[in-house]
Amino acid sequence: MKIQILSMSLLLLLSGTIACKKTPENTDAKYTKNLRKEIFAEDLTYSENGKTFKSFLAFDKSRTGKLPVVFIIPEWWGMNNYVKSRAKQLADSGYMAIAVDMYGDGKMVDNPDDAGKLAKPFYGNADLAKQSFEAALKQIEKNEKADTGKMAAIGYCFGGAMALNMARINEPLKGVVSFHGNLMTDVKPTTNSIPLLVLNGEDDTFVSKDEIVSFKKQMDSAGVKYEFVNYPGAIHSFTNPDATAVGEKYKLKVAYNEAADKASWKEMITFFNKIFK
């Protein structure tokens, strides 16, 4: 069943209040307190087609040789500490990680109205995400430590949907991972060469069973290799440690699930080990 762009935008407006609520400023410390001191991290500023971007780069300087690259597409809140902490986690695991500034100017908002305004155009125009992603890709291609033959993309919520679209339009990636992201847009797969890993909460009320069925049907029809993992008892935004408080505040069905968070991260690393052989 095809889901129209307008429906997707409305769904994002509803779910974004909950799923991608901006995390507190100390979130970075929650995730990075045990990382090695060799982790190099910096804001990465560049311009493309008259637009300035402020992404975030992280990698372990102590590792020799070229490093596999992982692009991280943020939640619709933009370049906050949460996505930067995930980049540092990936760097600690041996990857060159770049949290991609999708909006430009390193925009970061803290309320659903502003986030909805920023994210909605990306659902209505797939070229916007393509342009932002490829601007970051050009920067990585200049980095001597980057193994551009081994690249993947991951995304959370809004970012998960955009990451899946990067696979659908055949960006030069070995694989894509979506964490509790929306699954269907009007962008159809153009290739069967990019494997996907979709990590979903089984009890997620913001990713409907119909959407899951439609996604699987689309992937099967296109011959795309994919893994779909449902975590029992996990609801929307299960990787976000602040989701429980947000759910209680707004009386909405979202919550952090530590078991699902850790299991999904492990599943992602296993997936990377396969695609980066």
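Some points to look at:
Conditions (1) acidic (D, E); (2) within 14 Å of K107 (Cβ to Cβ); (3) touching a Leu at 6+ places or on another chain (Cβ under 8 Å), marked per residue:
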site: N49; (1), (2), (3): no, no, no
site: L67; (1), (2), (3): no, no, no
site: V70; (1), (2), (3): no, no, yes
site: W77; (1), (2), (3): no, yes, no
site: N81; (1), (2), (3): no, no, no
site: A87; (1), (2), (3): no, no, yes
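- Test: Y226 is touching a Ser or Thr at 6+ places or on another chain (Cβ under 7 Å) and open to solvent by 20 Å² or more (accessible area, probe 1.4 Å): no
- Tally of residues being under 23 Å from Y250 (Cα atoms) and either of a type in the set (A, V, I, L, M) or in contact with a Cys (Cβ under 9 Å, 6 or more places away or on another chain) (or both) across the stretch 84-121: 6
- The strands (runs of 3 or more DSSP E) found entirely in the stretch 30-137 that carry 2 or more residues being modelled with pLDDT under 95 are 39-48.
- Near pairs, Cβ below 7 angstrom, 6+ apart or cross-chain, from the stretch 193-212 (farther than 19 Å from G159 by Cβ) to any residue that is aliphatic (A, V, I, L, M) and surrounded by fewer than 22 Cβ atoms within 10 Å (Cβ to Cβ): D210/M1
- Close contacts from the stretch 29-49, counting a first residue that is more than 17 Å from Y95 (Cα to Cα) and a second that is at pLDDT below 95 and open to solvent by 50 Å² or more (accessible area, probe 1.4 Å), with Cβ to Cβ under 6 Å and a gap of 6+ residues or different chains, come to none at all.
- Members of the stretch 141-171 found to be surrounded by fewer than 20 Cβ atoms within 10 Å (Cβ to Cβ) and closer than 10 Å to V69 by Cβ, listed by number: E141, N143, K145, D147, T148, G149
- Residues of the stretch 243-277 satisfying the condition of being buried (at least 18 other Cβ atoms within 10 Å of the Cβ), at pLDDT below 95 and either under 18 Å from A91 (Cβ atoms) or not aliphatic (A, V, I, L, M) (or both): G247, Y256
- Some residue of the stretch 177-191 being farther than 24 Å from M108 by Cβ and in contact with a strand residue (DSSP E or B) (Cβ under 6 Å, 6 or more places away or on another chain): no
- Checking S193, S208, S221, S178 one by one, the residue that is open to solvent by less than 10 Å² (accessible area, probe 1.4 Å) and either under 17 Å from the mean Cα position of the chain (by Cα) or of a type in the set (S, T, N, Q) (or both) is S178 and no other.
- Looking across the stretch 234-277, the residues that are closer than 16 Å to T205 by Cα and among the basic types (K, R) come down to K251, K253.
The values are calculated or read from the model by the stated rules, or taken from the named source; none is laboratory data. Predicted model only: the values in this text are computed from it and were never measured. Here Cβ is always computed from backbone atoms with ideal geometry, including for glycine, and neighbour counts include all displayed protein chains. What goes into the accessible areas is simple: the full protein's heavy atoms, side chains included, and nothing from ligands, DNA or RNA. Shrake-Rupley method; radii C 1.70, N 1.55, O 1.52, S 1.80 Å.
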